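Computed from the coordinates by the stated procedures, all read-outs in this text should not be read as laboratory data. All values reported here derive from a predicted model rather than from experimental measurement. Here the Cβ positions follow ideal geometry from the backbone for every residue, glycine too, while neighbour counts run over all protein chains shown.
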Amino acid sequence: MVQETNKELIVYGGLIGIDSSDTIYLVDLNNFNFTPIPVAQQKEKAGKALPGPRDDFSLISIQGDQGKVKPVYLVGGFKNGTKMNDVYKLHQEGKTFTWELIEAAGAKPEPRSSFGCVLATDTSFYFFGGSGDNNIKYNDLWEFNTNAWKCISKGTPFSSEAAENGCPDGQPLQKSGVQIALYKNRHILVFGGIHEVTYEMNELKTFDLTTKKWHTIDEENKNNSESGSPKNK
């Protein structure tokens, strides 16, 4: 996660061999020196639990105002082998890092990893798809704002018919490993992902936040992946 104001890159967690990490690394982009911030030097704002060793999560940020450090959020992923749906905000002052566990009210996504996530404002982001327990794939779309989740496009049941013919109303199939982006604060772009082990995708879908409808971009090119997946040949 790049902090342009400080010319720094923030790296957190991930796998080291088979073990998840809970170390923050601060990378100076002027000389590429790495400064580790071990868990003993991290704290939670209200004394609650830290994110802990974690992988396959999202660490997201947006372009900040000039001279302002950008907000950084950590969402979901694996924590000690358990899939999560929690949300942390990371506060930075120099080399001091303070996590803030955000207690979300109401309904929320099922715990999962390998989802798509993109920050919209200092306090809101969008969240799509991912992989839950027993490798269950999702295609629901959520908005998180301040301290509450809202489902803006419900998931659909997994079915072989949908895998062959697509979901109703142009909605993406259930998948993990997906990338999403926000365009002009209206269109959520959803690209690629894995529907099944042998079904990698290169489709591009958009969700219109105004009309609440899904659209397929360049439909003639769908399933033309050269990844070697049998479904895409």
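Could you pull out every one of the strands (runs of 3 or more DSSP E) wholly within region 71-186 that has 3 or more residues that are small (Gly, Ala, Ser)?
Once the strands (runs of 3 or more DSSP E) in region 71-186 are filtered for at least 3 residues that are small (Gly, Ala, Ser), what remains is 124-131.
Just wondering, is there one or more residues in region 167-182 that are over 21 Å from the mean Cα position of the chain (by Cα) and among the polar types (S, T, N, Q)?
no
How many residues are more than 14 Å from Lys95 (Cβ to Cβ) and crowded, with 17+ Cβ neighbours inside 10 Å when one looks only at region 23-51?
Selection size over region 23-51: 1.
State all residues of region 157-182 that are crowded, with 17+ Cβ neighbours inside 10 Å and either acidic (Asp, Glu) or under 18 Å from Asn134 (Cβ atoms) (or both); if no residue qualifies, say none.
Matches in region 157-182: Leu173, Gln174, Lys175, Ser176, Gly177.
Residues are listed down the side, and each one gets a yes or a no for (1) surrounded by fewer than 14 Cβ atoms within 10 Å (Cβ to Cβ); (2) of a type in the set (Lys, Arg); (3) more than 14 Å from the chain's Cα centre (by Cα):
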{"residue": "Ser58", "(1), (2), (3)": "no, no, no"}
{"residue": "Tyr73", "(1), (2), (3)": "no, no, no"}
{"residue": "Phe78", "(1), (2), (3)": "no, no, no"}
{"residue": "Met84", "(1), (2), (3)": "no, no, no"}
{"residue": "Glu93", "(1), (2), (3)": "yes, no, yes"}
{"residue": "Leu101", "(1), (2), (3)": "no, no, yes"}
{"residue": "Val118", "(1), (2), (3)": "no, no, no"}
{"residue": "Phe127", "(1), (2), (3)": "no, no, no"}
{"residue": "Ser131", "(1), (2), (3)": "no, no, no"}
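Residues being among the acidic types (Asp, Glu), within 26 Å of Gly116 (Cβ to Cβ) and either touching a residue at least 60 places away in the same chain (Cβ under 8 Å) or not in a loop (DSSP other than H, G, I, E, B) (or both): count how many of those fall in region 11-62.
Residues in region 11-62 being among the acidic types (Asp, Glu), within 26 Å of Gly116 (Cβ to Cβ) and either touching a residue at least 60 places away in the same chain (Cβ under 8 Å) or not in a loop (DSSP other than H, G, I, E, B) (or both): 2 in total.
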